[in-house]
Every structure is written in structure tokens, then in C-alpha cells.
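Heads up, the thing below is written out as C-alpha cells.
What follows draws every value from the coordinates through simple rules; no lab data is involved. The model shown is predicted, which means the values in this text are computed figures rather than measured ones. Neighbour counts run over all protein chains shown; Cβ positions are idealised from the backbone, glycine included.
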Ligand code: HMG
Ligand code: MG
């Protein structure tokens with residue numbers, strides 16, 4: 001517990017407008033997506049994933065990300081990363097860069113072969129080969145590249161995934177130029193002991209800097225996992241407003257840990273996020289209404305009648 005309790009900055013990467021909406025049966029309009037991002041931007045969040053440039057045949061919910069990027073009210077010092085699977089995705093994204101600027105991108109692969117195939121229709125090594133062309137093109141345009149690594153402890157098709165497989169792919173992503181690797185518990189089954197061990201294994205390889213944690217909350221372990229990662233020095237966490245989210249190619253996985261609950265946790269640990277919890281709660285209530293779904297944030301639900 002040594003590092004917790006003092007004022008330490010923690011970065012929250014809000015993935016609701018991407019991870020949150022990509023799995024919803026109701027496809028939102030551009031205006032609804034823009035309004036959500038604007039509400040989140042006003043809360044002090046510094047990283048808001050705005051959408052993705054994947055195949056519209058695979059994920060129709062993310063169609064129109066260019067229009068979203070063109071219409072949002074950009075707040076200075078806020079990044080609006082987008083998810084890119086391949087060179088084609090980057091080319092499409094850059095086509096409209098003069099009126100829909102791309103200031104940061106995220107690529108994604110997995111530690112599990114079968115999930116990688118289901119999600120992006122190629123092997124892990126093929127995905128890394130795709131990134132070999134893509135990343136230099138982004139970096140040449142001063143666009144920083146984040147790397148997502150899914151299935152860090154378990155895969156919906158292969159079961160348990162060991163640290164060795166995770167570290168191999170993380171190393172490759174770092175060597176290719178990713179400034180940060182977001183470790184994804186894609187199906188939300190990891191527990192603090194497993195997260196702790198994985199992070200220890202990264203530390204023994206000298207690779208713990210520049211890691212982030214991306215927790216889905218299927219088994220209700222996400223906050224415990226985040227706390228375990230905080231204790232191991234991780235300072236960047238992905239979360240989604242109202243606990244939205246899920247991957248269409250990871251059956252049975254539920255939403256991301258909610259941003260509201262992470263903010264409440266961080267505040268209680270004396271960690272500084274610079275984010276206004278009430279404004280995120282408002283954004284969560286708005287989007288749940290538009291999606292006609294229940295809010296998955298315990299904090300948002302508990303404070304319905306006023307804050308504690
Ligand atoms: P494919 O069908 O193998 O692609 O899909 P292809 O290269 O064979 O091309 C087929 C057609 O798609 C061609 O068009 C291409 O031009 C087009 P056609 O000639 O038939 O008219 N195409 C594209 N169109 C638009 N944008 C593109 C693109 N690429 C090819 N980028 C592909 C391969 C990767 C595109 C597909 O598998 C795909 O889009 N997958 C995305 C899946 C996805 O979005 N999953 C959810 C996000 S990942 C996630 O949620 C996990 C994460 O949150 C972390 C965690 O939780 O662990 C990040
Ligand atoms: Mg995810």
C-alpha cells in the first residue's frame with residue numbers, strides 16, 4: 001500500500017464511445033455519439049476513445065466515426081483516439097484528417113490465437129505484420145499509437161492464457177513503437193491474484209513501464225483488479241461511462257468497469273484524476289436513456305437521489 005494515499009496522478013482512458021457502443025444492438029445516430037463525447041469532454045477526461053475505423057460489415061455500430069470526429073467540440077489537451085485494425089483503417093481515417101483530425105490511434109491484437117482470428121480475421125503474427133506497415137505511417141504524421149492486447153489471462157475460445165504469451169506480444173507491440181500497452185481482460189474473468197502475478201512477470205522482464213489496464217467486469221472483479229494494479233504501480237486505467245461495453249467477438253463478456261466507479265475508487269485512494277464525477281454521472285444517465293438500457297455504474301445508481 002506504500003504508494004497509495006499520497007496525491008498521485010492517474011489517467012483514465014474513457015472507452016465508452018467506442019468499446020461502450022460497439023456492442024449495443026441499438027445503433028446510435030452521429031448526433032447522439034457526438035453529444036456523449038461532448039459531455040465526457042466537459043468532465044475533465046483527457047483521453048476519450050471516439051470510435052473505430054473497422055469494417056462496417058463487422059461492426060456497423062462504429063460506422064460514421066469520421067462524422068463524429070468532425071462534429072465534436074474539441075477541448076484543448078483532450079485526445080480523441082480511434083481504434084484501427086489495419087492499414088486500410090488508417091488510410092480511411094486519414095482521408096478526412098483535414099476536417100476530422102486524428103490525434104491518436106489505438107491498434108489491437110490478442111494474446112490468444114483463436115480470439116485474434118475471430119476478432120480481426122488473422123493470426124497474432126499476421127496482425128503484428130500489419131502493424132509493421134501501419135505504425136510508421138502514423139508516427140511519421142506525429143500520431144501516437146497505443147496498443148491493445150486482449151485476453152491477458154483468459155480467452156473465450158482457448159481458456160487460460162499464460163503470462164509468456166502475453167509478454168511475447170506486448171514486447172512486439174512495444175518494439176513496433178506503441179507508447180503504451182493496454183492489457184485487456186476482455187471477458188472480465190481475471191482476479192487480483194492473476195493480475196498481480198502477470199504484472200510481476202512484466203516487471204521481471206523490465207517491461208512494466210507504459211502499461212495500462214482495461215477491465216471488463218463480467219465476474220465483478222474489475223475494481224479489485226484495478227486496485228491490485230494500482231498497488232503494482234499501474235497509473236492508467238480504461239473504463240466506460242455507465243459500464244457500457246463488450247466485444248462482439250468475445251461472447252459472454254459484459255461491459256467495461258464503469259468510469260464512475262473507478263473515479264469513486266480513485267478519489268477514495270487519494271489518487272488525482274482531474275475528472276468531475278458528477279459530470280460523468282450525467283453523461284452516463286444521458287447515454288443509458290438513449291440506449292434504453294440500465295446503468296451498470298453502482299455509484300451512478302447509488303447517487304440517484306443526490307451525492308453521498
Ligand atoms: P477482413 O474481412 O478479413 O478484411 O476483415 P479484408 O482485408 O479481407 O477486406 C475485406 C473487405 O473489407 C474489403 O472490402 C476491404 O476493403 C474492407 P471489399 O473489397 O470486400 O469491398 N476493409 C475495411 N473496410 C473498412 N475499414 C477497414 C477495413 N479493412 C478491410 N479497416 C478486419 C478484417 C480487421 C477489417 C475485420 O476483421 C474487422 O473490422 N474487425 C474488427 C473487429 C472489432 O472491431 N472488434 C471490436 C474491437 S476490439 C475490442 O473490443 C477489444 C478491446 O476493447 C480490448 C479488450 O477488451 O480486450 C480493444
Ligand atoms: Mg474492451
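What's the exposure ranking of 266, 39, going from fewest to most Cβ atoms within 10 Å?
Working: 266 23, 39 19.
By the 10 Å Cβ count, ascending, the order reads 39, 266.
Determine the calculated [θ] at 222 nm for the chain from helices alone, applying -39500 (n - 2.57) to every DSSP H run no shorter than 4 residues and normalising by the residue count; nearest 500 deg cm²/dmol. Provide the component values of the computation, followed by the final result.
Values: 11 runs with 120 residues, N = 308.
Helix contribution divided over all residues of the chain: -12000 deg cm²/dmol.
Take the Cα atoms of the range 154-259, find their three principal axes, and give me the spread along each one in whole Å, biggest first.
Its Cα atoms span 34, 28, 26 Å along the three principal axes.
Which one, 273, 236, 25, has the greatest fluctuation when you compute a Gaussian network model over the chain with C-alpha springs under 10 angstrom?
Answer for the Gaussian network model of the chain: 25.
Give the order of 200, 298 when sorted by the count of other beta carbons within 10 angstrom, beginning with the fewest.
Working: 200 12, 298 15.
Listed from fewest to most nearby Cβ atoms, that is 200, 298.
I need two numbers for the range 1-63: Rg to one decimal and Dmax as a whole number, Cα atoms only, in Å.
So, for the range 1-63, Rg and Dmax equal 15.2, 49 Å respectively.
May I ask you to compute the full-extension gain from residue 7 to residue 97, defined as 0.36 nm times their residue separation minus their alpha-carbon distance, rounded to one decimal in nm?
28.6 nm
Using only the Cα atoms of the range 205-308, what do you get for the radius of gyration and for Dmax, in Å?
Reported Rg and Dmax, both Å: 14.2, 48.
Let me know the Kirkwood hydrodynamic radius for the range 76-141, please, with Cα pairs as the basis and the value in Å to one decimal. It would help to have the intermediate numbers written out before the result.
Values: mean 1/r = 0.0786 Å⁻¹.
Result for the range 76-141, one decimal place: 12.7 Å.
Fewest Cβ neighbours within 10 Å first, please rank 258, 127, 112 accordingly.
127, 112, 258
What area, in nm² and to one decimal, does the C-alpha convex hull of the range 1-136 cast on average over all directions?
Value for the range 1-136: 10.5 nm².
So if we plug the beta-carbon distance of residue 191 and residue 31 into 1/(1 + (r/R0)^6) with R0 = 30 Å, what FRET efficiency do we get, rounded to 0.05? Intermediate values should be presented prior to the final figure.
On the way: r = 40 Å, r/R0 = 1.34.
That gives a FRET efficiency of 0.15.
For the chain, calculate the relative contact order in percent as a whole number, restricting contacts to Cα pairs under 8 Å that are 6 or more residues apart. Before the final figure, lay out each step's value.
Details: 649 pairs, mean separation 67.0, N = 308.
Over the chain, the number comes to 22 percent.
May I ask for the distance between the Cα centers of the range 95-156 and the range 202-232, given as a whole number of Å?
Centre-to-centre distance over Cα atoms comes out at 20 Å.
Within the P(r) computed for the range 35-104, what percentage of the Cα pairs occupies the region above 17 Å? Before the final figure, lay out each step's value.
Numbers: 920 of 2415 pairs.
In whole percent, the long-distance tail amounts to 38.
For the chain, what class follows from the C-alpha gyration tensor (a ≥ b ≥ c being the square roots of its eigenvalues): rounded when a/c is under 1.5, otherwise prolate if a/b is larger than b/c, else oblate?
Judged from the Cα gyration tensor, the chain comes out rounded (a/c under 1.5).
Provide the packing ranking of 204-217, 48-61, i.e. peptides ordered by the mean count of other C-beta atoms within 10 Å per residue, highest first.
So the peptides 204-217, 48-61, ranked by packing, come out 48-61, 204-217.
Go ahead and run the numbers for FRET between residue 88 and residue 289, Cβ-Cβ distance against an R0 of 35 Å, rounding to 0.05.
The calculated FRET efficiency here is 0.50.
Above 23 angstrom, tally the Cα pairs of the range 70-204 and express them as a % of all pairs, no decimals.
Values: 3343 of 9045 pairs.
Every Cα pair in the range 70-204 considered, those over 23 Å come to 37 percent.
Compute the convex hull volume of the Cα atoms of the range 115-169, divide it by the residue count, and report the result per residue in Å³ as a whole number.
Cα-based convex hull of the range 115-169, divided per residue, equals 83 Å³.
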